[in-house]
Amino acid sequence: MGNLKDIASEIEQLKETLRHHDYLYHVLDNPEIPDSEYDKLFHQLKALEEAHPEYLTPDSPTQRVGFEPLSQFEKVPHRRPMLSLGNTFSEEEILEFHQRLLNFLKVPEPNWTYFCEPKLDGLAIEVVYENGILKQALTRGDGSVGEDVTQNIRTLNSLPLTLRKSKDHSGSHKGIFEVRGEVLMLKEDFKELNLAQEEAGHTPFANPRNAAAGSIRQLDPKIAASRPLKMFCYSPGVVENLSISSQVEWMSTLKEIGIPQVGCDDFQKVQKVWNDFTPGSRVGPLGAHCKSIDEAIEYYKMILRLRSQLPFDIDGVVIKVNEYNIQEELGEVARSPRWASAAKFPPEQGETVINKISVQVGRTGALTPVAHLEPVLVGGVTISNATLHNPSEIERKDVREKDHVIIQRAGDVIPEVVSVILSKRPKDSKKFEMPTHCPSCGELAVQPEGEVVLRCINPVCPARLNESLKHFVSRRAMNIDKLGDKIVEQLTEAGLVKSFSDLYRLKEEDLEALPRQGKKSSQNIIESIEKSKDSQLNRFIFALGIRFVGEQTAKSLAQHFGDLESFLKATEEELLQIDDIGPKVSSSIVKSLDSKEFVHEARSLVELGVKFEAAKSGQGTQFSGMTFVITGTLPVKRDEVKDYIESRGGKVSGSVSKKTNYLVAGEEAGSKLEKARALEVPVLSWQELQSL
Ligand code: IVH
């Protein structure tokens, strides 16, 4: 019995430890242990629970996924309605909102302050904890009744399954604790997901919001679990047994009990502008306690400046009366609280006309329709092309040449056509027909089973060759920086380059013979090609352009195989043993390795002089086992510093913790530098790093 008791307490201990590290990572953004250590603890717990299922509880960190798919979402009423917000669209309207409060409360001067934070462009969700344990998660629905999406929300690693014990409670929180927030996808994660969607032949998501909403609406929780979702929380629903008197106090409660708030600390550029923000005092990662409406307007302007640099989409800021007693006095009108306003930002959408639709051929042969637009200024940027994604998207939106359309750019996402203004469609308009043949080589295009894209499968298609070469020479691949897109196209057109290896067979005279090519620039190109021969195995594998093999996978492959020949002989079983490589990627790699041309080409490149820095993907050992953090403006590109560290076996992490060995800091380093000093982490300049 004693033994079993020990196991029970070991399981409890492991759960507590994992929750603690989740908190450090997701809420404080300050991890203390490397991911590998975390994984080890996680697997220990998993193994113990498997051996002793009697101790398995649904609130265990191992139990995020594991339910069967649903047939539909159940409708569940909210204990307290989820309201919407009234909007304001200008400084004047914000002042009018403030004046309305004064009038309503019949006071000459405000006896309240404001709490402001970004307005997230995601999907509103309410999470219900009972006695400290996550019990239910609901969508907003019509505000009174939502849908039960608990299974999917449980899969979000950043959201605790168990609340942390707050200071004034001896045990977990008692009773009901409802917290509301927004589920979203970071812009970076969204881009990556869409690339994978497109590569896999699925329709890409229109924007991060749709991707997040689509993921939460999946009946199979495994799909939601595979999507990079985050939840940032902002307001309370029903909260029992806790007395909170203001929004500022609510924010500190959230932090204490382990719920992630709106924002993201780990963002250097944001920190810089944010640190310079004097009015109001900062609350949490991105909120501010503003003493007056003028301060709130200052906050609005600052966040508007920061907008494009934020790692997630926002469409304004929310200005809320901070004090809960005043909120109560103000009450609500038309299902919106009188005490808050969504101060919206100018839209990043615009209207224009499609002059022409063309079809571009990508490196993998995917035919992508592109709308050529009458140039239009959207969110400060002139847009003249927008993607139409794939034939089924065109079909769905019925986009045609000469149509008036709404286009949208969100952050750094490629601009896209959102919708057609049908009332402005010319009478003689004709439906757009996708070509049946590749516009570049004229071969019949095919639609592979289960994919929405049309593909050219001609391996010697000139457009595919061009795109593959552009990828091959790109900075993160072979880095032949003097070979621009135009020259690549000239070289293929002249028939001088038919493969990657042909680049290394080029002579100065070949280049000089091209139209508008001088002697000097030809020399530069040849030099740049020569220089690229000193490469690294991971870059080389990435450059070869195997489908689904991105930079990260290429790194894993290089690390695992160490040299090219071992990689070229890899089997599917061996590939599947590598972390991050699943069946889809491994079968694509094997397909390439089975191709005689592919293997021959890789070997030819080596015969022509391409070589790799040391064995094991050029991995030195000087920095092995060390973690670095990079911050501030450095004299060289950040990627270069990262490569320098990684090629010597070091790891680069996003945030400073006690485990950080060195902070590499440039100019204008902000919070990370402060943190490093506080934790006594040594700080190096780029020069100092190189002379380590
Ligand atoms: S506070 C309505 N804060 O925007 C009760 N809402 O368009 C007070 N939203 O229904 C909500 N970011 O779902 C609040 N930082 C934020 C928000 C936010 C996004 C959502 C919320 C609301 C909708 C109104």
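How high is the FRET efficiency between T57 and S587 when r is their beta carbon distance and R₀ equals 45 Å, given to the nearest 0.05? Present the calculation step by step, with values, prior to reporting the outcome.
Working: r = 38 Å, r/R0 = 0.85.
Plugging the Cβ-Cβ distance into 1/(1 + (r/R0)^6) gives 0.75.
Using 1/(1 + (r/R0)^6) with R0 = 56 angstrom and r between the beta carbons of V418 and S281, what's the FRET efficiency to the nearest 0.05? Walk me through the numbers before you get to the answer.
Details: r = 39 Å, r/R0 = 0.69.
Efficiency, rounded to the nearest 0.05: 0.90.
Between K135 and E374, what is 0.36 nm times their sequence separation minus the Cα-Cα distance? Round to one decimal in nm. List each step's numbers first, then the result.
Numbers: separation 239, 0.36 × 239 = 86.04 nm, distance 5.18 nm.
Full extension from K135 to E374 adds 80.9 nm.
Can you pull the one-decimal nm distance between simple spin-label points at K222 and Q197, each 7 Å off the Cα toward Cβ?
Distance between label points: 2.1 nm.
By the scheme Lys and Arg +1, Asp and Glu -1, what is the net charge of all other residues having a beta-carbon under 13 Å from that of G609? Please report the intermediate quantities before stating the final value.
Numbers: positive: R505, K531, K533, R603, K611; negative: E530, D534, E607.
Value of the local net charge: +2.
Roughly how many nanometres apart are two label points built 7 Å out from the Cα toward the Cβ at E674 and E574?
So the label points at E674 and E574 sit 5.1 nm apart.
Treat each spin label as a single point 7 Å out from the Cα along the C-beta direction, and report the Q13 to E688 distance in nm.
According to this spin-label approximation, the distance is 4.0 nm.
How much length would be gained if the chain were fully extended between K301 and M626, taking 0.36 nm per residue of separation minus their Cα-Cα distance, in nm to one decimal? Provide the component values of the computation, followed by the final result.
Values: separation 325, 0.36 × 325 = 117.00 nm, distance 4.07 nm.
Residue separation times 0.36 nm, minus the Cα-Cα distance, leaves 112.9 nm.
Roll a 1.4 Å probe over the protein chains and send me the accessible area per residue for the stretch 350-468 in Å². Spell out each step's value before the answer.
Working: 5900 Å² over 119 residues.
In whole numbers, the stretch 350-468 has 50 Å² accessible per residue.
Taking the stretch 359-450 as the region of interest, what is the percent of Cα-Cα pairs per 5 angstrom bin, listed from the shortest bin to the one with the maximum distance?
That works out to 3, 12, 22, 22, 18, 13, 7, 2, 0, in percent per bin.
Around L4, what is the net charge, scoring Lys/Arg as +1 and Asp/Glu as -1 over all other residues with Cβ under 15 Å from its Cβ? Walk me through the numbers on the way to the answer.
Numbers: positive: K5; negative: D6, E10, E12, E49, E54.
So the environment of L4 carries a net charge of -4.
Roughly how many Å² is the accessible area per residue of the stretch 1-140, as a whole number, for a 1.4 Å probe? Intermediate results must be reported in sequence, preceding the final value.
Numbers: 7780 Å² over 140 residues.
Per-residue accessible area for the stretch 1-140 comes out at 56 Å².
Using just the Cα positions, wrap the stretch 392-506 in a convex hull and report its mean projected area in square nanometres, one decimal place. Each step should come with its number before you reach the end.
Details: hull surface 40.9 nm².
Projected area, direction-averaged: 10.2 nm².
What does the extension gain come out to for K430 and K596, with contour length at 0.36 nm per residue minus their alpha carbon separation? Display every interim value, and only then the final one.
Numbers: separation 166, 0.36 × 166 = 59.76 nm, distance 4.55 nm.
Length gained, K430 through K596: 55.2 nm.
Shape of the stretch 308-354 from its Cα gyration tensor (a ≥ b ≥ c, root eigenvalues): rounded if a/c is under 1.5, otherwise prolate when a/b > b/c, or oblate?
On the way: a/c = 5.08, a/b = 2.16, b/c = 2.35.
Here the stretch 308-354 falls in the oblate category.
Size of the dipole of the stretch 307-415 about the Cα centre, Lys and Arg at +1 and Asp and Glu at -1 on the beta carbon, nothing else charged, in debye to 20?
Details: 12 positive and 15 negative charges, 64 e Å.
It comes to approximately 300 debye.
Working with all protein chains in place, sort M626, M231 by solvent-accessible area computed with a 1.4 Å probe, largest first. Please list the in-between numbers first.
On the way: M626 50, M231 0 Å².
Per-residue accessible area, sorted high to low, gives M626, M231.
Using the crude model of +1 on Lys and Arg Cβ and -1 on Asp and Glu Cβ, and no other charge, please compute the dipole size for the stretch 1-89 relative to its Cα centre, in debye to 20. Each step should come with its number before you reach the end.
Details: 9 positive and 16 negative charges, 118 e Å.
Here the stretch 1-89 has a charge dipole of around 560 debye.
Please compute P(r) over all alpha-carbon pairs of the chain, binned at 10 Å starting from zero, and give each bin as a whole-number percent.
Per 10 Å bin, starting at zero, the Cα-Cα P(r) for the chain comes out as 3, 12, 20, 24, 22, 13, 5, 1, 0 percent.
Would you please report the Å³ per residue occupied by the convex hull of the alpha carbon atoms in the stretch 601-692? Provide the component values of the computation, followed by the final result.
Details: hull volume 10.2 nm³, N = 92.
With only Cα atoms used, the stretch 601-692 gives 111 Å³ per residue.
Using DSSP to call loops (not H, G, I, E or B), can you name the GluC sites (Glu not before Pro) in the stretch 611-692 whose Cβ has at most 12 other Cβ atoms within 10 angstrom?
Numbers: sites: E613, E640, E646, E667, E668, E674, E680, E688; in loops: E613, E668, E680.
Listed in order of number, the matching sites are E680.
Past 29 Å, Cα to Cα: identify those pairs from K187/K344; K119/K191; K255/K584; K222/K569, in the order given. Display every interim value, and only then the final one.
Working: K187/K344 20 Å; K119/K191 21 Å; K255/K584 40 Å; K222/K569 33 Å.
Violating the 29 Å limit, Cα to Cα: K255/K584; K222/K569.
What does the C-alpha gyration tensor say about the overall shape of the stretch 422-564? Classify as rounded when a/c is under 1.5, otherwise prolate if a/b is larger than b/c, or oblate. Could the numbers behind the result be given before it?
On the way: a/c = 2.40, a/b = 1.39, b/c = 1.72.
In terms of gyration-tensor shape, oblate.
Under 20 °C and 1.002 mPa s, how fast does the stretch 449-502 diffuse according to Stokes-Einstein, given a Kirkwood radius computed over C-alpha pairs? Answer in µm²/s, whole number.
Numbers: Rh = 12.1 Å.
Diffusion coefficient, whole number: 177 µm²/s.
Taking all protein chains in place and a 1.4 Å probe, what share, in percent, of the accessible surface of the chain do carbon and sulfur account for? Walk me through the numbers on the way to the answer.
Numbers: 16830 of 33090 Å².
The computed percentage sits at 51.
Rg (Å, one decimal) plus Dmax (Å, integer) for the alpha carbons of the stretch 1-148?
Calculated on Cα positions, Rg and Dmax stand at 23.1, 72 Å.
Excluding same-chain residues fewer than 8 positions from K165, which aspartates and glutamates have a Cα within less than 12 Å of its Cα?
The reachable aspartates and glutamates, counting only those whose Cα sits under 12 Å from K165, are E16, E256.
Let me understand the stretch 63-176 better: what is its radius of gyration from the alpha carbons, and its Dmax, in angstrom?
In order Rg, Dmax, the Cα atoms of the stretch 63-176 give 19.1, 59 Å.
Pick out, in residue order, every one of the trypsin sites (Lys or Arg not before Pro) in the stretch 54-88 that is DSSP loop and has at most 15 other C-beta atoms within 10 Å; say none if there are none.
On the way: sites: R64, K75, R79; in loops: R64, R79.
Here the trypsin sites (Lys or Arg not before Pro) that fit, given the DSSP loop and packing criteria, are R79.
In the stretch 69-152, which GluC sites (Glu not before Pro) are in a loop and have at most 15 other Cβ atoms within 10 Å, using DSSP for the loop call?
Loop-located and lightly packed - E74.
Distance from the Cα centre of the stretch 484-539 to that of the stretch 540-587, in angstrom?
The distance from the Cα centre of the stretch 484-539 to that of the stretch 540-587 comes to 28 Å.
Pull out a ≥ b ≥ c, the square roots of the eigenvalues of the alpha-carbon gyration tensor of the stretch 515-636, then state rounded if a/c is under 1.5, prolate if not and a/b is larger than b/c, and oblate in the remaining case.
On the way: a/c = 1.99, a/b = 1.19, b/c = 1.67.
Judged from the Cα gyration tensor, the stretch 515-636 comes out oblate (a/c at least 1.5, b/c at or above a/b).
Let me spell out the model: positive unit charges on the Cβ of Lys and Arg, negative unit charges on the Cβ of Asp and Glu, origin at the Cα centre of the chain. What dipole size does that give, in debye rounded to 20? Walk me through the numbers before you get to the answer.
On the way: 86 positive and 102 negative charges, 165 e Å.
Dipole about the Cα centre, nearest 20: 800 debye.
The values are calculated or read from the model by the stated rules, or taken from the named source; none is laboratory data. Remember, predicted model here, so these are calculated numbers, not experimental data. All Cβ positions, glycine included, derive from the backbone under ideal geometry; neighbour counts span all protein chains shown. For accessibility, only protein heavy atoms count, side chains too; no ligands or nucleic acids. Shrake-Rupley method; radii C 1.70, N 1.55, O 1.52, S 1.80 Å.
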